[in-house]
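Below: one structure, written as structure tokens.
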Amino acid sequence: MKTFYIVLFSFLNILTINSLDLSEEQIYHQKNLVSKINSLKTTWKAELYPHDIKPLLGVLLNPETNTFKKERLFIPKRNVTPIPDLPENYDLREEYPYCDSLLNIRDQANCGSCWAVASVETMSDRHCIITKGKQKPILSASAVITCCTLCGKGCAGGLPYEAFIYWTGAGIPTGADYGDTETCLPYFLPKCNHHLNNTGLPDCPSTATTPKCNQTCQEGYDKTYQEDKYYGKEYYTVKGEEELKTEIYERGSIEASFLVYEDFVNYKEGVYQYVEGELLGGHAIKIIGWGVENGVKYWLCVNSWTEFWGDKGTFKILRGANHCGIENNIVTGMPKLD
């Protein structure tokens with residue numbers, strides 16, 4: 001099986017994603033969907049997001065069952081003893097304001113790299129949280145997208161837990177947003193305007209090609225690629241609402257994958273619950289807290305479609321009901337601190 005993976009992903013090393021423009025018919029459909037959601041006065045509000053996000057949904061699914069692929073038969077589970085009487089509302093950004101990785105909203109641009117972006121965001125947060133700010137790396141999504149051959153297909157999708165395995169084995173260098181000069185391997189695409197108004201960002205390019213693996217830091221950086229690496233000690237999954245809350249409270253961010261339907265694309269604020277629309281694909285995000293809004297429990301999540309999407313780049317989703325599979329598809333890990 002491992003040999004098969006190496007052959008398959010070597011040949012898929014460079015992949016291109018098609019244009020993200022919506023047709024007039026699709027925009028009309030989305031406008032009607034937004035109007036319906038807001039007229040129902042459900043737990044969230046919608047706003048037109050005129051962007052084809054299918055290519056951005058990069059967590060690989062089994063096409064026959066629309067379930068998440070798990071190529072490895074066993075992902076370790078951490079047995080967490082729930083802490084009683086945790087706060088009703090909790091936000092890691094408020095607890096660890098010195099962790100820059102918690103405050104930044106990344107943009108995967110028009111690459112289906114959510115699986116890698118959410119992974120390195122979670123790893124970065126954990127390095128900072130566990131060391132109480134002594135380590136504050138912004139780890140490179142580009143390194144995982146381009147060099148982890150077992151992770152997936154680059155911009156055409158991947159497997160989050162393989163990214164964590166890669167972190168524990170190969171290590172990951174630093175890499176902030178496109179154009180950053182203070183990290184080893186910044187993201188290879190700039191933040192871009194996903195057909196939104198007044199963002200001040202350039203339009204997203206019509207295609208996104210996965211670059212070849214390049215294990216060299218950018219010119220002028222003062223460390224080699226190998227010297228700049230950070231490593232994970234372990235990776236695992238966690239199950240159960242109270243266990244997930246305790247995991248976040250004790251150790252920091254977690255990565256979750258969930259099924260995305262048409263209505264989610266147009267999320268603006270409130271606690272998301274599925275209303276209407278077809279399944280578009282699987283998406284990976286970072287969970288940084290929880291809370292209750294108007295009597296409805298939610299997970300506080302960070303997306304990777306710029307700070308102009310949703311609630312300044314974040315969203316809330318129904319908690320405690322495994323909504324869209326979000327509580328059954330968790331991966332996280334602990335940094336190696338030697």
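Numbers at a glance
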| read-out | value |
| --- | --- |
| Residues of the stretch 73-113 with amide N under 11 Å of a point placed 7 Å along Cα→Cβ from Glu242 | 81-86 |
| Peptide ranges 241-251, 195-205, 26-36, 269-279 listed from the most packed, as the mean C-beta count within 10 angstrom indicates | 241-251, 269-279, 26-36, 195-205 |
| Share of carbon and sulfur in the accessible heavy-atom surface of the chain [1.4 Å probe, %] | 49 |
| Prolate/oblate/rounded label for the stretch 35-120 (Cα gyration tensor, a/c 1.5) | rounded |
| Of Lys134/Lys239; Lys36/Lys239; Lys54/Lys268; Lys69/Lys316; Lys70/Lys245; Lys233/Lys312, those spanning more than 27 Å from alpha-carbon to alpha-carbon | Lys134/Lys239; Lys36/Lys239; Lys233/Lys312 |
| Mean residue ellipticity (222 nm) of the chain, computed from DSSP H runs ≥ 4 via -39,500 (n - 2.57), nearest 500 | -7000 deg cm²/dmol |
| Residue-span extension gain [Ala321 to Lys41] - 0.36 nm each, minus C-alpha spacing | 98.8 nm |
| Within a Gaussian network of the chain (alpha carbon springs, distance under 10 Å), most fluctuating of Glu95, Glu64, Glu227 | Glu64 |
| Sequence-distant residues sharing a close amide H with Ile254 (under 5 Å, placed H) | Ile287 |
| Partner aspartates and glutamates for Lys77 [C-alpha distance under 13 Å; skip if fewer than 8 residues away on the same chain] | Glu234, Glu243, Glu247 |
| Anisotropy class of the stretch 131-214 from Cα gyration tensor, a/c 1.5 cut | oblate |
| Surface accessible to a 1.4 Å probe, per residue, for the residues of the chain, Å² | 44 |
| Among 86-93, 331-338, 111-118, the order from most to least packed when residues are scored by Cβ within 10 Å on average | 111-118, 331-338, 86-93 |
| Cα gyration tensor category, rounded, prolate or oblate, for the stretch 170-313 with a/c compared to 1.5 | oblate |
| Nonlocal amide H pairs with Gly281, under 5 Å, H built at 1.01 Å | Val260 |
| Answer label, with P(r) over Cα pairs in 20 Å bins from 0, in percent calculated from the coordinates and candidates (1) 31, 56, 13, 1; (2) 33, 60, 7; (3) 29, 54, 16, 2, 0 | (2) |
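The values are calculated or read from the model by the stated rules, or taken from the named source; none is laboratory data. Computed from a predicted model, the values in this text were never measured in an experiment. Because the Cβ atoms are built from the backbone with ideal geometry, glycine has one as well, and the counts that use them run over all protein chains shown. SASA here: full protein model, heavy atoms, side chains in, ligands and nucleic acids out. Shrake-Rupley method; radii C 1.70, N 1.55, O 1.52, S 1.80 Å.
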